[in-house]
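Below: one structure, written as structure tokens.
Derivation of every value follows stated rules applied to the coordinates shown; laboratory data play no part. Keep in mind the model is a prediction, meaning the values are calculated, not measured. We place every Cβ from the backbone using ideal geometry, glycine too, and count neighbours over all the protein chains shown.
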Amino acid sequence: MAHPNLKLIETLREAAQNLRNGADYAWGHHGSCNCGHILQVVTHLNKKEILEHAQTIHGEWTEIAEEYCGVTNAPAYLLVSKLEKLGLTPTDIHNLEYLEDRTVLENLPGGFRWLKKNVREDVIVYFETMTEMMEEELLRKIELPKMEVTVFV
């Protein structure tokens, strides 16, 4: 799973909320698919602008992420770099687009089940479950200072 951090958690939570509130969703559209919604939040670009950038390279987000080298200045690669700066690897991008991370699926409310990549409600529950898992992981890493307890008699 992705590297847990507050920016990624906030981004996924906002993307899920946008979808819940009725934002346009179309899995086959670079700007309004699963990763497209994450990019809308992190870049503040709209779906049309994301689509224009994505069309500079052939393929879906998964393929673009796998081919990303970080040296070119192609607009699609710049968008992938935004996803990587959030803490996502090419594998994470693939899993977000196809809703396939087994760990996330095992932690879904109600237990494991396969989700469909092009069903809005499935995307929302996947994003929210992933967010909750990352929050729990971050909380486990927090060490609280030991406090002395003074008893007054």
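Across 10 Å bins from the origin, how do the percents of Cα pairs in the stretch 78-153 run, short distances first?
Per 10 Å bin, starting at zero, the Cα-Cα P(r) for the stretch 78-153 comes out as 16, 38, 24, 10, 8, 5, 1 percent.
Taking 25 Å as R0, compute the FRET efficiency from the Cβ-Cβ separation of residue 6 and residue 103 and round it to 0.05.
Efficiency, rounded to the nearest 0.05: 0.80.
By how many nm would the segment from residue 89 to residue 148 lengthen if fully extended, with 0.36 nm per residue of separation less the alpha-carbon distance? Present the calculation step by step, with values, prior to reporting the outcome.
Values: separation 59, 0.36 × 59 = 21.24 nm, distance 4.27 nm.
Length gained between residue 89 and residue 148: 17.0 nm.
Where does each of 26-38, 139-151, 42-54 land if you order them by average Cβ count within 10 Å, highest first?
With the highest mean Cβ count within 10 Å placed first, the list reads 26-38, 42-54, 139-151.
Based on the Cβ-Cβ distance from residue 17 to residue 81, what FRET efficiency comes out when R0 is 22 Å, to the nearest 0.05? The partial results should precede the final answer.
Details: r = 25 Å, r/R0 = 1.12.
In this case the efficiency is close to 0.35.
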